[in-house]
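This report refers to the structure that appears directly beneath it.
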Amino acid sequence: MKKVIVTRPDIAFYLKLTLLRMESGLYEKSKSIVCSKSVKLLEEAFERKPIPKTDCPSSEVDENMKFMQDHGITGVPTLIFANGALTPGYLEAAALIKRIDETFAEASGKKPPASRTGKN
């Protein structure tokens with residue numbers, strides 16, 4: 001995503017934190033990250049750094065887990081595009097930009113300008 005944002009600052013990503021398994025402490029870590037709304041804390045979690053425990057009244061992790069279950073999402077990352085299309089797994093930056101541009105074109109009925117494709 002970082003490569004996409006550098007290439008295309010007009011693209012925004014919304015992250016939804018969830019759990020695939022209930023290992024000891026993961027729920028609390030997820031909740032701490034959600035409550036902090038900190039990308040830095042999320043990156044530290046990916047680096048397996050200690051995450052401070054927080055006690056905030058948020059049901060977001062539970063709601064995200066229910067959303068995944070209700071929509072048959074069984075893996076992360078799963079990309080959900082503006083048109084509702086689900087794409088499981090990782091995409092390279094160029095492929096992700098292409099998919100976003102295709103979704104934009106489909107929704108708007110027109111092709112984005114060539115300079116927006118990320119292929120300068």
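Please treat every number below as a calculation from the coordinates, not as lab data. Predicted, not measured: the structure shown is a model, and the values here were computed from it.
Bridgeable aspartates and glutamates around residue 3 (alpha carbons under 18 Å apart, same-chain partners fewer than 8 residues away excluded): 43, 92, 101.
Taking each DSSP H run with n ≥ 4 as -39500 (n - 2.57) and averaging over every residue of the chain yields -13000 deg cm²/dmol at 222 nm. Remark: for residue pairs 29/98; 16/66; 2/37; 2/111; 29/49, the C-alpha separation exceeds 22 Å in 29/98; 2/111. Under a GNM of the chain (C-alpha, springs under 10 Å), which listed residue has the highest mean-square fluctuation: 63, 23, 102? Between 63, 23, 102, it is 23 that shows the largest mean-square fluctuation. Once Rh is set to the Kirkwood radius over Cα pairs, what Stokes-Einstein translational diffusion coefficient, in µm²/s, holds for the chain at a temperature of 4 °C and a viscosity of 1.567 mPa s? Diffusion coefficient, whole number: 80 µm²/s.
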